Amino acid sequence: MKIWHISDTHMNQGQLQVPTGVDLVIHTGDASNWRDPYRNEPEMRAFIDWFAALQIPNKVFVAGNHDTSVEKGLVSRELMTSRGITYLQDEEATFGGLRIWGAPWTPTYGDWSFMRGRHKMHSIWSSIPEGIDILATHGPPYGVLDATYSQNNRVELCGDVSLMKRVQELQPQLVCFGHIHSTDDIRNAGTRTVHGLRTIFSNGSCVDDGKWGIITSHGNVIDI
């Protein structure tokens, strides 16, 4: 199956170069920008219009911390389903024999949506079932394509430790995420593998920090 993974489009989706011959597109959140859910709602609806119109037969969406209107229920699962989009929130779906489990949660940082304290993340990831092929989360596992600058201008790894432990236990074929963007001198967007794991890790973030309004990556295409 040919998969196009994108994330963190932040209302710049119209700039994306859509690949051909794709069987499944996965968007792992932050389709929108506004913190205020009522301002966020029209952004999400515009994104859904674009996503639904893609000439790709299977579409999966996992919300991100910026997608506040989804958390508040102003943009519903039923709306996405009616447009041919599978919304995953702590649940799985199957496409072409591949089991995909998705969830939007990230460790708390500021006052955004779908966030939990780091000490609570383990209880979320422990519910990921055995035997899944693709894991789609908004935030990254610790230590993989998750480097950025702290408020003190030091490079730090922002991924979730408990998520990485669960990935090591399950070893799905593919882990898709975003949330942590690239910067001028740190490239997170892209794919990589980790020694000892069969898993392909994909950071699909499509914008760079400090370059709002510009698509800097067109996502990742992966065959599994």
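Consider the range 12-42. How many of its residues are surrounded by 21 or more Cβ atoms within 10 Å (Cβ to Cβ) and either on the phi > 0 side of the Ramachandran plot or not in a strand (DSSP E or B) (or both)?
Going through the range 12-42, the residues surrounded by 21 or more Cβ atoms within 10 Å (Cβ to Cβ) turn out to be 24-32, 40.
Checking the rest, the ones that are also either on the phi > 0 side of the Ramachandran plot or not in a strand (DSSP E or B) (or both) come to 28-32, 40.
Final tally of qualifying residues: 6.
Would you please name the residue that is farthest from Asp8 (Cα to Cα), looking only at residues in the range 172-215 that are of a type in the set (Ser, Thr, Tyr) and under 16 Å from the mean Cα position of the chain (by Cα)?
If we filter the range 172-215 for residues that are of a type in the set (Ser, Thr, Tyr), which is where we start, we get 182-183, 191, 193, 199, 202, 205.
Now drop any that are not under 16 Å from the mean Cα position of the chain (by Cα), which leaves 182, 191, 202, 205.
Numbers: Ser182: 11, Thr191: 15, Ser202: 13, Ser205: 5 Å.
Here the residue is Thr191.
Only residues that are of a type in the set (A, V, I, L, M, F, W, C), over 18 Å from Gly102 (Cα atoms), modelled with pLDDT of 95 or more and not in a strand (DSSP E or B): list them for the range 145-173, please.
Leu145
List the number of the failed condition for Asp30; all other conditions in (1) out of contact with any His (no Cβ under 6 Å at 6 or more places or on another chain); (2) under 30 Å from Glu130 (Cα atoms) hold.
(1)
Name the pairs: first residue in the range 37-59 and over 11 Å from Ile85 (Cα atoms), second residue among the basic types (Lys, Arg) and loosely packed, with under 15 Cβ neighbours inside 10 Å, Cβ to Cβ under 8 Å, at least 6 apart or on different chains?
If the second residue must be among the basic types (Lys, Arg) and loosely packed, with under 15 Cβ neighbours inside 10 Å, the pairs left are Pro37/Lys72.
Here are some conditions: (1) assigned to a helix (DSSP H, G or I); (2) buried (at least 21 other Cβ atoms within 10 Å of the Cβ). Cys176 meets all but one. Which one does it not meet?
The one condition Cys176 does not meet is (1).
Return the pair list, or none, for Cβ contacts closer than 6 Å from residues in the range 105-122 that are free of Cβ contacts under 8 Å to residues at least 12 places away in the same chain to residues that are surrounded by 13 or more Cβ atoms within 10 Å (Cβ to Cβ), at least 6 apart or on different chains.
These pairs meet every condition: Thr108/Met115; Arg116/Trp105; Gly117/Thr108.
Would you mind listing the helices (runs of 4 or more DSSP H) fully within the range 43-129 where at least 1 residues are more than 18 Å from Met164 (Cα to Cα)? So that I can check it myself, show each step before the final result.
Values: elements: 68-71, 77-82, 121-125.
Of the helices (runs of 4 or more DSSP H) lying wholly inside the range 43-129, those with at least 1 residues that are more than 18 Å from Met164 (Cα to Cα) span 68-71, 77-82.
Sort out which residues of the range 72-114 are under 16 Å from Asn33 (Cα atoms) and either buried (at least 19 other Cβ atoms within 10 Å of the Cβ) or of a type in the set (Ser, Thr, Tyr) (or both), and write them in order of number.
Those that are under 16 Å from Asn33 (Cα atoms) and either buried (at least 19 other Cβ atoms within 10 Å of the Cβ) or of a type in the set (Ser, Thr, Tyr) (or both): Val75, Pro104, Tyr109, Ser113, Phe114.
Among residues belonging to the range 191-211 that are in a strand (DSSP E or B) and among the charged types (D, E, K, R), point out the one that is surrounded by the most Cβ atoms within 10 Å (Cβ to Cβ).
Here is the first cut: in the range 191-211, the residues in a strand (DSSP E or B) are 191-193, 200-203, 205, 208.
From what's left, among the charged types (D, E, K, R): 192, 208.
Values: Arg192: 12, Asp208: 20.
In this case the residue turns out to be Asp208.
If Ile214 satisfies all but one of (1) in contact (Cβ under 8 Å) with a residue 60 or more places away in the chain; (2) surrounded by 13 or more Cβ atoms within 10 Å (Cβ to Cβ), what's the number of the condition it fails?
(2)
Quick check on Ser162: is it touching a helix residue (DSSP H, G or I) at 6+ places or on another chain (Cβ under 9 Å) and small (Gly, Ala, Ser)? Walk me through how you get there before you give the answer.
Values: touching a helix residue (DSSP H, G or I) at 6+ places or on another chain (Cβ under 9 Å): yes; small (Gly, Ala, Ser): yes.
In short, yes.
Does Thr9 satisfy the criteria of being crowded, with 19+ Cβ neighbours inside 10 Å and touching a Lys or Arg at 6+ places or on another chain (Cβ under 7 Å)?
Criteria not met by Thr9.
Given the condition in contact with a His (Cβ under 9 Å, 6 or more places away or on another chain) and either over 21 Å from Leu170 (Cβ atoms) or modelled with pLDDT under 95 (or both), answer yes or no: does some residue in the range 68-75 qualify?
If we filter the range 68-75 for residues that are in contact with a His (Cβ under 9 Å, 6 or more places away or on another chain), which is where we start, we get none.
Within the range 68-75, none of the residues are in contact with a His (Cβ under 9 Å, 6 or more places away or on another chain) and either over 21 Å from Leu170 (Cβ atoms) or modelled with pLDDT under 95 (or both).
The values are calculated or read from the model by the stated rules, or taken from the named source; none is laboratory data. It should be emphasised that the depicted structure is a prediction, and the values quoted were computed from it without experimental measurement. No Cβ is skipped: glycine too gets one built from the backbone with ideal geometry, and neighbour counts run over all protein chains shown.
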